[in-house]
Amino acid sequence: MSYLGNCVNAFDADGECVVDALGYSDASAFTCALEEAVVVDREVFFGYVKASRFTEQILKSCDTFFVDLPRNLFIAYSFTNDVHHFYSSDRKFPAPCAARAESPKF
């Protein structure tokens, strides 16, 4: 896992993405991807993202967590600060169908 930045420093004044690892061409592409992202709870997010001391403080203010499946990008959002934080993970998040297939049968 690594912290890749946030929506304030990942896009320049023209909205172009300046962090290649995100895979977005610009802020509009990020917005479209976020609309398609899967919302996950805090526990699932932290199952994939291991916070460092630096990012642990950042994540305390976050209240919504997403996964951009095509990019395997983990996004934490702070409503209070109106900031998205981007993380990569070595573990691949399962597609929704795969996650259902792995659910225990009762």
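The values are calculated or read from the model by the stated rules, or taken from the named source; none is laboratory data. Here the structure is a predicted model, which is why all the values come from computation and not from measurement. So basically every Cβ, Gly included, is an ideal-geometry build from the backbone, and we count neighbours across all protein chains shown. Protein only, heavy atoms only, side chains kept; ligands, DNA and RNA dropped before computing areas. Shrake-Rupley method; radii C 1.70, N 1.55, O 1.52, S 1.80 Å.
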From phi via Karplus (6.51, -1.76, 1.60), per-residue ³J(HN,Hα) for segment 12-21 in Hz, x at Gly/Pro = 7, 4, 8, x, 6, 6, 10, 10, 4, 4
query = Could you give the nm distance between label points at residue 9 and residue 21, where each point is 7 Å from its Cα heading toward the beta carbon?
reply = 1.2
task = Per residue of segment 39-51, in order, report the coupling 6.51 cos²θ - 1.76 cosθ + 1.60 (Karplus, θ = phi - 60°) as ³J(HN,Hα) in whole Hz, putting x for Gly and Pro.
result = 7, 10, 7, 4, 5, 5, 4, 6, x, 10, 10, 9, 7
remark   = The correct ranking of 62, 7 by accessible area at 1.4 Å, largest first, is 7, 62
ask   = Where nothing but the Cβ of Lys and Arg (+1) and of Asp and Glu (-1) is charged, how large is the charge dipole of the chain around its Cα centre, in debye to the nearest 20?
value = 660
query = Over the chain, what is the relative contact order in whole percent, taking alpha-carbon pairs under 8 Å and six or more residues apart?
reply = 29
task = Name the long-range amide H neighbours of residue 4: under 5 Å, sequence gap of 5 or more, or other chain; modelled H, no Pro or chain starts.
result = 86, 87, 88
message = Run through segment 9-102 and list the chymotrypsin sites (Phe, Trp or Tyr not before Pro) located in a DSSP loop whose Cβ has at most 11 other Cβ atoms within 10 Å.
response = 79
inquiry  = What is the percent carbon and sulfur in the accessible area of the chain, measuring with a 1.4 Å probe over the protein chains and ignoring ligands?
reply    = 56
key: Cβ-Cβ FRET estimate between residue 32 and residue 90, R0 fixed at 30 Å, reported to 0.05   = 0.70
task = Mind listing the long-range amide H neighbours of residue 83? Cut-off is under 5 Å, sequence gap 5 or more, other chains count too, H placed in the peptide plane at 1.01 Å from N.
result = 78
note = Charge dipole of segment 1-98 built from unit charges on the beta carbon (Lys, Arg +1; Asp, Glu -1), centred at mean Cα; most positive-end Cα among 11, 58, 33 is 58
message = Rounding to the nearest 10 and keeping the result within 0 to 90°, find how far the Cα-based axis of helix 27-36 lies from the longest principal axis of the chain.
response = 20
request  = Pop out the ³J(HN,Hα) list for segment 61-76 in order, Karplus 6.51 cos²θ - 1.76 cosθ + 1.60 with θ = phi - 60°, rounded to Hz; leave Gly and Pro as x.
outcome  = 8, 8, 10, 9, 10, 10, 10, 8, 4, x, 9, 6, 10, 9, 10, 10
ask   = Where does the Debye-calculated log10 I(q)/I(0) of the chain sit at q = 0.12, 0.14 Å⁻¹, using only Cα point scatterers of equal weight, no solvent?
value = -0.40, -0.54
ask   = Lys/Arg Cβ at +1, Asp/Glu Cβ at -1, dipole of segment 37-85 taken about the Cα centre: which of 67, 46, 78 is farthest positive-ward?
value = 46
ask   = Which length gain, in nm to one decimal place, applies between residue 50 and residue 81 when the Cα-Cα distance is subtracted from 0.36 nm times their residue separation?
value = 9.0 nm
